[in-house]
Structure formats: structure tokens, C-alpha cells
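Following: one structure in C-alpha cells, then a few remarks.
Every number in this text was worked out from the coordinates using simple rules, so none of it is lab data. Remember, predicted model here, so these are calculated numbers, not experimental data. Here Cβ is always computed from backbone atoms with ideal geometry, including for glycine, and neighbour counts include all displayed protein chains.
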Protein chains: 2
Amino acid sequence: MPQDRVEAVDRALSVLSAFNEDDLSLSLAEFSRRTGLYKSTILRLLGSLKAAGFVTLGPDGLYSLGPDLWRLGSYYRRRYLPSEVVMPVLERLRNLTKETASFYVRDGENRICLYRVNSERPMRHHLVQGARLPLEKGAAGRVLLAFGPEPPISSQEVRYLGHAISLGERESEIAAISVPVVDDDGQLLGALAVSGLVTRFSEVACETHLDHLRQEARSLTG
Amino acid sequence: MPQDRVEAVDRALSVLSAFNEDDLSLSLAEFSRRTGLYKSTILRLLGSLKAAGFVTLGPDGLYSLGPDLWRLGSYYRRRYLPSEVVMPVLERLRNLTKETASFYVRDGENRICLYRVNSERPMRHHLVQGARLPLEKGAAGRVLLAFGPEPPISSQEVRYLGHAISLGERESEIAAISVPVVDDDGQLLGALAVSGLVTRFSEVACETHLDHLRQEARSLTG
DNA sequence: TTAATCGTTCTGCTTGACAGAACAGTTATT
DNA sequence: AATAACTGTTCTGTCAAGCAGAACGATTAA
């Protein structure tokens, strides 16, 4: 079998996936409801996850995600541009544009928000780290598609311009501008983006944002 | 059995634990060497891990950690003080002291380095995020112990002083000063610390570092 | 050519995990 | 107070799922 898996592991990972942004602590019964697995089964799975430091059991009987999961997870980002390099760039972009600045990388047919610095405006595009978004929609997605391997014909324009602008493409209220970050070897590393309320992205605002983006993207590579 | 586990899950997690700070991409054979498991077994385990987005298989046949592992891992930190709050504080501390600044939380009988901003000096204490260190040794450890639940009698002095200083306690070359970060309810959230080469921590330097630490710790809670 | 890798496929045997009931403890409802 | 509806946990017989190990072809090195 080419797609061979281990059911017990699948189950254990589905237990972990029961956590989400809003629910950081879950009870055994809650796991059972979300996964559809039996409590006795989950208890054993959690036993292994706990032993590995992937979850911790609080004194209130609620399970939370553990430190070892996080430590391993933080290794993921290290393959790309490190935090020390990208974060100052995003902060500069946020200060220059007053909008939310972010850095995306490609993951198969999706894009992942690896770093972000949210705008400080009351009406802001609030991005979540690790969010998985489609490649086809949104400025950063289309940039990753256009400058990645096997770019579709439809992305010819993005390649030519060297940037992408999205006005309410993925979410109707949100506009975004994105430019690629390219290696010395021409390898695509990711996409820088600035995003905010669509009505704030006038033609002239887009121009200045784009200038800042281009400059910062250059500063990332060489 | 009170400590019931699932072997397949234990194995899968031991496969993940084969990754470390230096080796972010591993081959199947390398997994086999490190875990002692058979290649056929590992292949199936990786199948499940890959399906869940916990690992990704590169075109070179090497496995790396996946984005979903990272996304879940980042939820771990959210239970504590979020990055947006702690990081600026650490940066200020680093700028004020020119030493490495860090934020620790307790995890059972250990402490975890949740956030850190490394010093920019050539001879610096280079901390790794997620590092698990003992509670008994080191300034931050003793602070977490003293202000946590069930503090031992030996930590009376730390409680009284409101800080801990370690001169070569855990590592002979490293000195550190740490203060607790306490909730509005008096709940211990973590420990702020500044650390560096032991010879730089003169009595007068300790005093000024301590002032900065106290001030920033206060700014964290309100 | 030989030898030592690599990743992948296949199979019989056995062990380990599952379902489900039953348990005691706690909280909510009446 | 008494019921009901929840918790989390323990136990066990049955069954299949995962393991060990060999065998495979494809690379790469000597």
C-alpha cells in the first residue's frame, strides 16, 4: 500500500486536532464529543501524548497542549527565514504603512502565515500565525503561486509586475499587497504582504505601500 | 492500569523526537538509526504524521516537521502571556542591560524558556526557545519555585528579597538575575531573567539590572 | 563486479488496542 | 433529599491491526 498509515496514530493526532484557537483546554468528555472516539480510547491516547510532553493534564482535569509539542513546532519555522530576520522587517512595514504586515510561505497547495505584526489601528486585519489559506485567492497567495515552481499561465501578469494586489478577493473587506522574497539563487523564499481595510487602499496608498514592500523585500535577501 | 499508553503512538512520537535543533530534515534510514525501529514500521508511522501535516516529505526524500505541528505548538504559548506582550519587554531589557533577556514558565518539575531575546554581544548567553531546564538550579528556576505552589523552606530568602541571583549556579560561566511575574490575583505567571557572562555581573551591575527587571515585571501585569 | 547503501513492498503471527459495560464521584435538577 | 445526568476511570473478551523480518529493485561507492 502506498498510502499506509497507523490507525492509532491517526486517532491520537485527531485528538490533538480537537484543540483550536479558542479552546486551549479540553476535558476528556469534550474530546470524546469532538473526535467521536470512546473515552477509554482517548484516555489511553492521551496517556502517550502526556508521556511525550505533547499534552499536560491540569489539576482541574483539563488537558492542554504541552511544551514539547511547541518546541518541535518551533523547529518548523527555522527552515525558513528566522524570526530575528523577518520580524524587524515586518515591524518596519507596520510602522511605515500603519497596516498589518505578514510573511507567508508555501506549503503544497496552501500558504501559511509564518510571521505577522498586526496593525495597531482599531479597524485592522487581525491575522493569526499558522493560519492556512488558499493559494489561488489573495495577494500573497497569487505571488507564491506566480514565483513558485510550475506557475500557471494566469499568473503571467503577477510575474511581469513583480507584485500582486487584492481588493476584497478572499474576504470582501480586506485588501492586500504582496511582493515575493527571492533568494540569491532565484529560489522563492516567501511573500511579504501588507493588508488592511479595503477602503484605505486607494491608488496612491497602494503605490507607497508597494515602494515600502519592495525595499524591505530587497533588504531581506541582499 | 493507571499509566496506560498506546505503543503505536509512543513510537510515532519517538520518531518526531528524532528531530532536534541541528537536524531539521531526516531520512528514513536516519530515523531508523535514532529510534531503533524498523524502517517498515517508521514508514507507516510517518504516513500518519504526514497525513496530519505534522511532517512533510521533501522532493529529496527527507522528512521535515510540518506546519500543523507548529500551529498547534503555538497554541501552547497562548495560555501564558502572549508574544505581543512579552517580546517588547524582553527587547527593552536587552537594550537596557546589553545581556540576554528571557521569560520562563513552570512545567511540573522543570522550567521552560518561553521567550528570549539574545544579547548582541559577541560573548553572550545564547538561549534556545523551548529549552527545558531544572527548577532547583539557576535564578529563574529558583524564582519559579519560590513563588509557585508549595514553595520549599529553602526558598524563603528568595520570597523575601523578591528576586534571585545566580552566579555560575547551573553553568559555571553564566550569571543570571530573575524576578517573578505575578498576576493581579497573585498567581505566578512566569519569571523574567537577564543572563550573561558571570564576570560582567558585578555588584553594581546586578543592582541596575535588578531595577530594570523589577520595572519591566511590573509593566507586564498592570 | 561487488558491496553497501537507499526506500519500498509483502506476509504470517501475535500482541496490543478497541468497544462497551460497569464503576464511583460530582454537579444539577427536581 | 432524591433523582438524574454528568463526570473520569477501570476492567475484560474479542478481533484485527501493526509488527518483525525478509526480499525487493534502484542508487551510489569502492
*Taking the Cα atoms only, what angle lies between the long axis of helix B:39-51 and the longest principal axis of chain B, rounded to 10 degrees?*
70
_Over the Cα atoms of the range A:51-170, what radius of gyration and what Dmax do you get, in Å?_
17.5, 58
*Nearest 20 debye, what's the magnitude of the dipole of the range A:1-120 about its Cα centre given +1 on Lys and Arg Cβ and -1 on Asp and Glu Cβ?*
220
*Can you give the three extents of the C-alpha atoms in chain B along their principal axes, from longest to shortest, in whole Å?*
60, 46, 33
*Determine the dipole magnitude for chain B: charges of +1 sit on the beta-carbon of Lys and Arg, -1 on that of Asp and Glu, nothing else is charged, the reference point is the Cα centre, and the result goes in debye to the nearest 20.*
460
*Angle between chain A longest axis and helix A:203-221 axis [Cα atoms, degrees, rounded to 10]*: 70
*Please name whichever of A:H212, A:A52, A:A191 sits farthest to the positive end of the charge dipole of chain A, dipole taken about the Cα centre and charges placed at Cβ: Lys and Arg +1, Asp and Glu -1.*
A:A52
*Mind checking which of A:P152, A:P59, A:P88 has the largest fluctuation in a GNM of chain A, springs on alpha carbons under 10 Å?*
A:P59
*Can you bin the protein assembly as shown into rounded, prolate or oblate? Criterion: square roots of the alpha carbon gyration tensor eigenvalues sorted a ≥ b ≥ c, rounded for a/c under 1.5, prolate for a/b above b/c, oblate for the rest.*
oblate
*GNM top mover of A:I165, A:I42, A:I112 - chain A, alpha-carbon springs below 10 Å*: A:I42
*Rounded to the nearest 20 Debye, what is the dipole magnitude of the protein assembly as shown about its Cα centre when Lys and Arg each give +1 and Asp and Glu each give -1 at the C-beta?*
420
*Which pairs in the list B:K98/B:K137; A:K50/B:K39; A:K39/A:K137; A:K50/B:K50; A:K50/B:K137 are over 29 Å apart, alpha-carbon to alpha-carbon?*
A:K39/A:K137
*asked:* Among A:R11, A:R200, A:R111, which one shows the highest mean-square fluctuation when chain A is modelled as a Gaussian network with alpha-carbon springs under 10 Å?
replied: A:R11
*What residues have an amide H closer than 5 Å to that of A:Y115, excluding those fewer than 5 places away on the same chain, when H is modeled at 1.01 Å from N in the peptide plane?*
A:F103
_Pairs of alpha-carbon atoms within less than 8 angstrom and 6+ residues apart define the contacts here; what relative contact order does chain A have, in percent?_
13
*Tilt relative to chain A, helix A:7-16 - C-alpha long axis, 0 to 90 degrees, to 10*: 70
*Return the calculated 222 nm mean residue ellipticity for the protein assembly as shown, to the nearest 500 deg cm²/dmol, obtained by summing -39500 (n - 2.57) across DSSP H runs with n ≥ 4 and dividing by the residue count.*
-12500 deg cm²/dmol
*Stretched out fully, how many nm does the piece from A:E30 to A:E91 gain, at 0.36 nm a residue minus the Cα gap?*
18.1 nm
